[in-house]
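The values are calculated or read from the model by the stated rules, or taken from the named source; none is laboratory data. Treat the numbers as computed from the prediction; the structure is a model and nothing was measured. Note that we place each Cβ from the backbone using ideal geometry, even for glycine, and neighbour counts take in every protein chain shown. Heavy atoms of the whole protein, side chains included, go into the accessibility calculation; ligands, DNA and RNA do not. Shrake-Rupley method; radii C 1.70, N 1.55, O 1.52, S 1.80 Å.
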Amino acid sequence: MDKIILRNQDIPDIGDIGVYERNGGYAALKKAITEMTPDAVTDAVKASGLKGRGGAGFPTGLKWSFLPKGVFPRYLVVNADESEPGTFKDREIMEKNPHQFIEGVIISAYAIQCNHAFIYIRGEYPVAARILEQAIETARARGYAGKNVLGTDYNLEITVHRGAGAYICGEETALLDSLEGKLGMPRVKPPFPAVVGLYGKPTVINNVETLANIPPIIEKGADWYKSVGTEKSTGPKVFCVSGHVNRPGNYEAPLGSITLRDLIFGKEYAQGVRGGKNVKGILTAGASAPMLTAQHLDTKLDYEAIAAAGSILGSASIIVLDEDTDIPWAAQKMIEFFKHESCGKCTPCREGTYWLLTLLQRVNEGKASRQDIEMLPIVTSQMYGRTLCPLGDFATSPVTGTLKWFKNEYEAKVKANGAH
Ligand SMILES: Cc1cc2nc3c(=O)[nH]c(=O)nc-3n(C[C@H](O)[C@H](O)[C@H](O)COP(=O)(O)O)c2cc1C
Ligand code: SF4
């Protein structure tokens, strides 16, 4: 099947605006602006069933419809922070198929009646940032952005803003604070950004991949889009595969059309585990979701099936760990990440990540007792659901997920230590 999002993998040089136009590019924008009202665009996106691709999977059209009527200015902010470990899909979209994304930004901005959109891109993506700036300039020169888009009275400025490298700035309200020039820390919700967002104004925040879905929805219609994927998980998805596989990379497939086994072992996908080894652990949403195991290899890749298996599809960053992986060590690496990235605003997350790391270090250094292992779920239960933003929940996953399937490995480290 032809790719819908990673069209660059089928069409050489689609990053060039001429090539993009010759392959139908910007036709959806023309259709939206000249034939559809903003509300009709929102209705089409609602009808498509598109869910946000940034992690939470919230329905996109519904999010747009939360903006309070008649309050202006409004802003569209694109989340291009892409900091979840193992996630690199937005980078390929921005670097290799930038115009499909920019076209999605312009159509979405038109739908929500916004005249200034911001793209917040992680500081570690200077190449993508430069490519986007050039693509926006080229689009503007063709009349797709700037004053009087396509000769209409609709105006749109697009600003690319580079972050400074903080995972927490991917959380939407921390991102807004960072964009406003403040320290990036999550805000208390409510009020939600749809009501009080950037500069206190109604704001929609969407992920890069989410917006790259908008041109095909508008061009081909919601019914066509719904024919790709499953009834509840519509459309295509980009899966980022990394870890102990032969061919890491971004692979696109309709949601629910392939299993974890297909993605990890398929010839057109990651082509198996390095050295012909077995799979031990599978992370489906980077470090943020509980680990699955080889027994889940036949799980379909869609939001509902992964949730039924006990994890989260999130941004679909699939990290594969082979049979030789030391699981308590892997859990420690993930907790080091969360402790470092915790912004420290709330106590359960700030202190909890410290204590999880301390306990895991004891385990891995051979200094832990059985009580230390029993203490791990007590600490996670004091964190989960008790923090200001989801990072506190995410930080419990490496511990709860690995203890569920691999408690024996923790216990073996205690026994080796002679403790009980
Ligand atoms: C700690 C944390 C980090 C996040 N990082 C990202 C990110 O890098 N990119 C992203 O699009 N969403 C990220 N999110 C999710 C955003 O808060 C938000 O839900 C998303 O950008 C909404 O876009 P969507 O509806 O199009 O998915 C993160 C959330 C949390 C709690
Ligand atoms: S949960 Fe962690 S990252 Fe989120 S606001 Fe609290 S301290 Fe900051």
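Details
- The condition (being within 16 Å of ligand 1 (Cβ to nearest atom), of a type outside the set (A, V, I, L, M) and open to solvent by 20 Å² or more (accessible area, probe 1.4 Å)) is satisfied by just one residue among Arg362, Arg370, Arg386: Arg386.
- Residues that are polar (S, T, N, Q) and in contact with a Leu (Cβ under 6 Å, 6 or more places away or on another chain) do not occur anywhere in the range 29-37.
- Scanning the range 144-186 for residues that are surrounded by 15 or more Cβ atoms within 10 Å (Cβ to Cβ), part of a loop (DSSP other than H, G, I, E, B) and not aromatic (Phe, Trp, Tyr) yields a count of 7.
- Hey, Ile327 more than 16 Å from ligand 2 (Cβ to nearest atom), more than 19 Å from the chain's Cα centre (by Cα) and of a type in the set (A, V, I, L, M, F, W, C) or not: yes
- For the residues Glu219, Glu209, the requirement of being acidic (Asp, Glu), on the phi < 0 side of the Ramachandran plot and open to solvent by 10 Å² or more (accessible area, probe 1.4 Å) singles out Glu219.
- Residues of the range 65-98 that turn out to be small (Gly, Ala, Ser) and either more than 11 Å from ligand 1 (Cβ to nearest atom) or open to solvent by 40 Å² or more (accessible area, probe 1.4 Å) (or both), as a count: 3
- Top-ranked residue of the range 331-357 - restricted to ones that are β-branched (Val, Ile, Thr) and crowded, with 18+ Cβ neighbours inside 10 Å, ranked as nearest to ligand 2 (Cβ to nearest atom): Thr353
- The residue pairs whose first member lies in the range 113-125 and is of a type in the set (D, E, K, R), whose second member is open to solvent by less than 20 Å² (accessible area, probe 1.4 Å), and whose beta carbons are closer than 8 Å, counting only pairs six or more residues apart or on different chains, are Arg122/Ala80; Arg122/Asp81; Arg122/Glu82; Arg122/Gly163; Arg122/Cys169.
- In the range 68-87, residue farthest from ligand 2 (Cβ to nearest atom) [restricted to those that are under 20 Å from the mean Cα position of the chain (by Cα) and in a loop (DSSP other than H, G, I, E, B)]: Gly86
Residues checked against (1) under 23 Å from Val160 (Cα atoms); (2) outside the structural domain of Ala28 (by TED's automatic domain parsing); (3) in contact with a helix residue (DSSP H, G or I) (Cβ under 6 Å, 6 or more places away or on another chain); (4) buried (at least 19 other Cβ atoms within 10 Å of the Cβ):
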position	(1), (2), (3), (4)
Gly200	yes, no, no, no
Arg247	no, yes, no, no
Pro254	no, yes, no, yes
Thr259	no, yes, no, no
Gly266	no, yes, no, no
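- Helices (runs of 4 or more DSSP H) fully within the range 196-236 that include at least 1 residues being under 29 Å from Pro186 (Cβ atoms) and within 16 Å of ligand 1 (Cβ to nearest atom): 208-212, 214-220.
- Residues of the range 266-309 satisfying the condition of being touching a strand residue (DSSP E or B) at 6+ places or on another chain (Cβ under 8 Å), polar (S, T, N, Q) and within 16 Å of ligand 1 (Cβ to nearest atom): Thr284
- Residue within the range 157-179 that is among the hydrophobic types (A, V, I, L, M, F, W, C), within 15 Å of Asp81 (Cα to Cα), touching a Phe, Trp or Tyr at 6+ places or on another chain (Cβ under 6 Å) and within 16 Å of ligand 1 (Cβ to nearest atom) present: yes
- Of all residues in the range 78-88, none satisfies being in contact with a strand residue (DSSP E or B) (Cβ under 9 Å, 6 or more places away or on another chain), more than 30 Å from Thr284 (Cα to Cα) and assigned by TED's automatic domain parsing to the domain that holds Asn207.
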